[in-house]
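Heads up, the thing below is written out as structure tokens.
FYI, it's all coordinate maths here, none of it is from the lab. As the structure is a prediction and not an experimental result, all values here were calculated from the model. Neighbour counts run over all protein chains shown; Cβ positions are idealised from the backbone, glycine included.
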Amino acid sequence: MRRPLSLLALVIGSTACDRTVPPPDRIFVNARIWTGDATNPMATAIALRGDTIVAVGTDDSLRTLAGPTTIVEDLGGRRMLPGFHDAHWHLPTRRTADLNGAEDVAELIARLEAFAEELPADAWITGRGWTPQRFPGRTPHRRYLDAAFPTRPVLLTDRDGHQVLANTVALQRAGITKDTPVPVGGAIVLDRDGTPTGLLQETAMPLVRNQLPAPTADEVYAALRYEMHRAAERGLTALQLAQGMSATEDSAIARALVEDSLLVRFRVGVPFSATVADSTLERYAALVRAQTGPLIRYGLAKGMLDGTVDAGTAGMLEPYSAGRRDLGLLRWDVDTLRMTIARYDRAGLQVALHAIGDRAIRIALDAYEQVQREGGRRDARHRIEHLEVPHPTDIPRFKALGVIASTQAIFATPDATGLGNYLTMLGPDRADRPMPFKSLDDAGAIQPFGSDYPVFPMNPLWGIYTAVTRQLDDGTPFGGWNPEQRITLEAALRHYTADAAYAAFREQEIGVLKVGMLADFVVLSEEIFDVPSVVLMRATPVLTVMGGRETYRSTSLVSRTKSAPTTKVNVAMITGYQSPE
């Protein structure tokens with residue numbers, strides 16, 4: 001462990017032992033640095049040696065640390081922040097048609113037809129990003145796909161990833177009929193005559209998905225490389241994978257580590273299962289103990305408790321509106337859930353439960369509380385993912401139980417889906433409850449932000465804009481959607497940096513810019529403090545550094561660097577400078 005030396009220690013080290021402290025490798029000056037460190041919130045310069053921050057301060061003080069080989073870069077007054085950390089991210093490994101933003105069925109079909117032209121004639125046509133209101137009567141149906149693709153299998157995943165729409169050919173290949181048994185926690189939606197509409201929800205989705213050819217190892221590795229580059233370009237330096245990884249996906253990450261091509265830090269997920277064997281749990285725990293390096297960690301076990309509001313599958317305490325009287329779908333019974341959490345807890349694993357509806361959130365909190373009462377680990381930092389519509393009385397329980405409130409700021413985007421289908425499903429009595437970021441902050445919850453990519457774009461600045469304004473980039477709706485839940489810019493930045501690091505048990509290494517921490521930071525194209533919030537939507541990273549290494553540099557950032565002068569200085573006079581072990 002590296003520790004900053006005291007002023008006295010530096011003096012002794014440089015005089016009595018006649019030993020000089022090595023200079024920094026790089027110094028960045030003329031920056032506006034929001035450090036995230038309450039003891040030193042603002043600075044203009046930062047110095048790095050290897051992968052570590054060795055000094056944070058003013059331009060003049062840090063320039064005196066430079067040695068003959070130190071590279072000094074002038075950032076031209078740009079804003080620097082700790083590297084963004086996405087606490088809930090997924091790795092897409094299959095190439096699909098992008099259906100996000102398609103206005104209606106006609107545009108959706110047009111995109112699929114263009115995508116299909118690039119595929120072999122017998123290949124499955126897949127896509128992602130549709131929402132219910134794009135279909136007539138907000139009712140997705142296979143007939144729209146059958147008309148365009150009568151002989152080829154088509155499978156489309158909705159924006160949230162909790163329901164799929166299959167055409168007739170795809171249903172036939174999967175052997176799905178009106179008599180197909182429905183898995184617990186899922187739904188095969190039927191027409192009035194009892195035939196499948198093509199819509200499958202939650203645990204029923206794999207009935208068709210399992211027919212898709214698995215991507216090859218090279219395809220998965222190529223997808224990983226592509227997504228890492230895109231993440232670095234958006235200022236991300238750490239990602240938490242909210243999924244149990246396949247062997248192929250694990251191998252791709254291991255290959256990137258061996259090839260030294262990782263551009264972000266990964267926290268890799270493991271499956272959360274009621275039937276997991278003790279030997280498998282021990283294997284997961286062994287991964288946690290073995291992978292302690294700076295780039296890859298394990299330990300997050302992601303489980304699915306309910307679905308989504310848009311699909312009507314989130315578990316609710318009161319029935320849905322919009323002509324529905326059901327309470328959604330739950331995938332677990334409470335006793336099995338509690339016992340499974342306890343097993344993972346004893347194995348030293350952090351459980352993260354997808355729970356969106358107020359009923360599912362309460363069930364998750366109750367289960368965590370019971371496990372604690374029965375001797376669960378202290379500081380387990382178990383999590384609830386999304387928690388979109390918590391009951392107000394449950395919000396204080398997050399701090400009381402030490403449960404992480406893992407939210408996605410960009411989910412509060414007040415687009416046609418949010419203000420149309422979503423609020424219609426919830427009804428007026430729950431219209432002011434979704435995404436209560438301010439209430440969670442006020443209640444003292446640790447609230448890491450993520451994107452749930454590819455459900456939403458992995459652009460932290462867009463998420464921060466949404467959390468701060470609750471508006472679209474054109475300023476609508478006026479005043480914001482549920483404006484009482486807006487938060488400050490600094491709070492949003494903290495959720496995307498320090499809180500995310502805490503949720504990953506890495507608050508001693510990353511999340512703030514101070515001496516001894518790993519050198520992860522992002523430099524922006526524009527100032528974001530004390531300016532209109534809409535600037536967040538046009539600001540872009542121009543430099544991303546992870547562990548002292550550039551992972552992205554925009555062509556707009558001309559490197560203004562120079563070697564330092566060879567003047568010998570007394571580094572003992574610079575407080576806060578860190579000597580290597």
Residue order, fewest to most surrounding Cβ atoms within 10 angstrom, among 178, 438: 178, 438
Using the count of nearby Cβ atoms within 10 Å as a rough guide to exposure, how do 556, 451 rank from fewest to most? 556, 451
Would the chain count as rounded, prolate or oblate if I go by the C-alpha gyration tensor, calling it rounded below 1.5 in a/c and otherwise prolate when a/b exceeds b/c, oblate otherwise? prolate
In what sequence do 495, 90, 354 fall when counting other Cβ within 10 Å, fewest first? 90, 354, 495
DSSP loop GluC sites (Glu not before Pro) in the stretch 191-281 with at most 14 other Cβ atoms within 10 Å of their Cβ, which ones? 259
Net charge near residue 261, counting Lys/Arg +1 and Asp/Glu -1 over other residues with Cβ under 15 Å of its Cβ? 0
Label-point separation (nm) for residue 476 and residue 377, each offset 7 Å from Cα along Cα-to-Cβ? 4.9 nm
P(r), alpha carbons of the stretch 199-276 - 5 Å bins starting at zero, rounded %: 3, 13, 18, 23, 17, 13, 9, 3, 0
Excluding residues fewer than 8 places away in the same chain, name every one of the aspartates and glutamates whose C-alpha is closer than 19 Å to that of residue 178. 146, 191, 193, 202
Three-way shape label, the stretch 97-209, alpha-carbon gyration tensor, a/c 1.5: prolate
Which angle from 0 to 90°, rounded to the nearest 10, does the C-alpha axis of helix 460-469 make with the longest principal axis of the chain? 80 degrees
Could you state the angle between the C-alpha long axis of helix 217-233 and the longest principal axis of the C-alpha atoms of the chain, as a value from 0 to 90 degrees rounded to the nearest 10? 60 degrees
Residue 292 versus residue 139, label points 7 Å from Cα toward the beta carbon: distance in nm? 6.0 nm
With each pseudo-label sitting 7 Å past Cα toward Cβ, what's the residue 118-residue 530 distance in nm, one decimal? 4.6 nm
Using the alpha-carbon atoms, what tilt in degrees (0 to 90, nearest 10) does helix 105-116 show relative to the longest principal axis of the chain? 70 degrees
Which trypsin sites (Lys or Arg not before Pro) does the stretch 367-402 hold that lie in a coil by DSSP with at most 11 other beta carbons within 10 Å? 378
Per DSSP, loop GluC sites (Glu not before Pro) in the stretch 109-178 with at most 16 further Cβ within 10 Å: 117, 118
